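One structure is given here, and the rest of the page talks about it.
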Amino acid sequence: MSELERQIDELAEILRTGPRIAVLTGAGISAESGIPTFRGKDGLWREFRAEELATPQAFFGNPGLVWQWYDWRRGIIGAKEPHAGHYVLARWERHFPDFVLITQNVDGFHRRAGSRNVLELHGNIWEIRCTREGTIAENTECPFREIPPHCPSCGALLRPNVVWFGESLPSETLEEATAASATCEVMFVIGTSAYVQPAASLPVIAAERGAKVVEINPEPTPLSSTADFSFQAKAGEILPLIDERLLAGRTGT
Ligand code: BV8
């Protein structure tokens, strides 16, 4: 038996006890769907990095440019599909009695894969918000007719309903995510460089409370050295393997 198979067996054994599970995902879980990650080599758009565009200053300084970036991302996301890893997490939400999925991603892929209760820490790229009235509406228009778009009722600028750098996360969502991290017995950390705060603190809270931390990431991160399981692998490959072992054990095969 390989070391990987042994690790998967050991983890499946723990999962069969039906523990309270929290999952934190980042851009890496959508990489195999063809969505550029934030800090990977494909993270650039024109000559800009995400951190330069995903800020209120960038938006109000040049709403047209920032909306072009979002329109480009919506175009890519709209043309891609969730992969096997997203579907495993959607199945686990129904399989485990206590399962909370927390994502930093704004692509909506967890919902598209069937996850129903998703804590979207950084918002959703398919929602737009009036910068004056604060009203939020779903909008899947792609490409946008008008860039930058304006509110049909008051004429103010519309913005993507996402959390930019320097903006606070939705408090209720963050509270729920923090509570789930503090009470879970197993925390999966999938496809995140564990760099952006406060999301990156959630696995630390889980570990401090004695949860088993399972990291899935082809690259090492600041969490890797303290994780109980560190699978240096792709989410779309390893999640189905873990799911297979979990189910095999249940039927005793
Ligand atoms: C806030 C939405 C209070 C927009 C995003 C404490 C210390 C230092 C800095 C701060 C701090 N507290 C706050 C800050 C500032 C800032 C911050 O963290 N800055 C960083 C740059 C250090 N945080 C904030 O501003 C947050 N707000 O804290 O409010 C406040 C208020 C005022 C002033 C101060 C504080 C708001 C942060 C939210 C920003 N918005 N997105 C949009 O998407 O357009 S963040 C953006 O980064 C995305 O959401 C993304 O998900 C997220 C995190 O990145 P990752 O998901 O980890 O993606 P990344 O590309 O980095 O890594 C991908 C990983 O996947 C890699 O490790 C790779 O190896 C792996 N991978 C690749 N392929 C695969 C894979 N894994 C598995 N399978 C594969 N196949």
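Summary table below
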item: At 1.002 mPa s and 20 °C, Stokes diffusion of the chain via Kirkwood alpha-carbon radius, µm² per second; result: 113 µm²/s
item: Phi-based couplings in Hz for region 182-187 (Karplus 6.51, -1.76, 1.60; Gly and Pro marked x); result: 7, 10, 6, 9, 9, 10
item: Calculated diffusion of region 13-62, Stokes-Einstein form, Kirkwood radius summed over Cα pairs, 20 °C and 1.002 mPa s, µm²/s; result: 155 µm²/s
item: If the convex hull is drawn through the Cα atoms of region 69-191, its volume per residue in Å³; result: 123 Å³
item: Lysines with Cα under 28 Å of LYS41, excluding same-chain neighbours fewer than 8 positions away; result: LYS80, LYS234
item: In Hz, Karplus ³J(HN,Hα) per residue of region 205-214 (6.51, -1.76, 1.60; θ = phi - 60°; x = Gly, Pro); result: 4, 4, 5, 4, 8, x, 6, 7, 9, 10
item: Cα-Cα pairs of region 211-253 separated by more than 17 Å (percent); result: 40 percent
item: Other-chain or far-sequence residues with amide H under 5 Å of VAL189's (modelled H); result: LEU24, VAL214, GLU215, ILE216
item: Angle between the chain longest axis and helix 63-79 axis [Cα atoms, degrees, rounded to 10]; result: 40 degrees
item: Within the chain: Cβ-based charge dipole about Cα centre, in debye rounded to nearest 20 (Lys, Arg +1; Asp, Glu -1); result: 380 debye
item: Candidates GLY210, GLY18, GLY155: whichever shows maximal mean-square fluctuation once the chain is modelled as a Gaussian network with Cα springs under 10 Å; result: GLY155
item: Mean-position separation - Cα centroids, region 66-84 and region 178-212, in angstrom; result: 27 Å
item: HN-Hα J in Hz across region 5-16 - Karplus 6.51, -1.76, 1.60, θ = phi - 60°, x for Gly and Pro; result: 4, 5, 4, 5, 4, 4, 5, 4, 4, 5, 5, 5
item: Of all DSSP beta bridges in region 20-174, antiparallel share, percent nearest 5; result: 55 percent
item: Amide H contacts under 5 Å for VAL100, placed H, 5+ residues apart; result: ILE21, ALA22, VAL23
item: Whole-Å semi-axes of region 135-253's equivalent ellipsoid (Cα gyration tensor); result: 36, 19, 15
item: Amide H contacts of LEU157 (H built 1.01 Å from N, under 5 Å, at least 5 apart or other chain); result: THR131, CYS151
item: Residue order, fewest to most surrounding Cβ atoms within 10 angstrom, among ARG132, ARG74; result: ARG132, ARG74
item: Of the trypsin sites (Lys or Arg not before Pro) in region 1-54, those whose Cβ has at most 12 other Cβ within 10 Å and which sit in DSSP loop; result: LYS41, ARG46, ARG49
item: Share of alpha-carbon pairs per 10 Å distance bin for region 1-134, given as whole %; result: 10, 35, 30, 17, 7, 1, 0
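Taken together, the values in this text are just the output of simple stated rules run on the coordinates, not laboratory data. Every value quoted in this text rests on a predicted model; they were computed, and no experiment measured them. Because the Cβ atoms are built from the backbone with ideal geometry, glycine has one as well, and the counts that use them run over all protein chains shown.
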